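Here the structure comes first, spelled out in structure tokens, and everything after it is commentary.
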Amino acid sequence: METKDRELEYSPLSGRLKRDGVTVDEKIYRFAGTDDPWQLEVGDHEGGSTVWNELFQTAKDAHRAFNDAVEKDGIGGRSSCRGQCTTDPIPAP
């Protein structure tokens, strides 16, 4: 399936979170106009991106997973993913 030109719908729960001097960008999205599950991606303060492998039935479930990870490992932590997400650097523009 070609996804390159498909539009994304972002949940209103997406946004920036700043805690302990660190800001991350939480993105909860799916293909626009669908009932597809939601994807969770977090851009971190070091220019990296963490994408959860799990898809979420609701945007609230994705947001809860993000909040659980922050509560467990802190705003800059990634260890709560433990096989549940993939971490890659975001390429420079």
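The values are calculated or read from the model by the stated rules, or taken from the named source; none is laboratory data. Source: prediction; values computed, not measured. Note that we place each Cβ from the backbone using ideal geometry, even for glycine, and neighbour counts take in every protein chain shown. These area figures cover heavy atoms from the full protein model, side chains too; ligands, DNA and RNA do not enter into them. Shrake-Rupley method; radii C 1.70, N 1.55, O 1.52, S 1.80 Å.
In whole Hz, what ³J(HN,Hα) sequence does segment 25-37 give by Karplus (6.51, -1.76, 1.60; θ = phi - 60°), x for Gly and Pro?
10, 8, 10, 10, 8, 7, 5, 4, x, 10, 9, 4, x
Go ahead and collect, in residue order, the members of segment 25-59 whose backbone nitrogen is under 11 Å from a label point 7 Å along the Cα-Cβ direction of ARG6.
Under 11 Å, as judged by backbone N against the label point of ARG6, lie 30-37 of segment 25-59.
Ignoring ligands and nucleic acids, what accessible area does TYR10 show with a 1.4 Å probe (Å², nearest 10)?
Using a 1.4 Å probe on the heavy atoms, I get roughly 120 Å².
Could you rank PHE66, PHE31 by how accessible they are, 1.4 Å probe, largest area first?
These residues rank, largest area first, as PHE31, PHE66.
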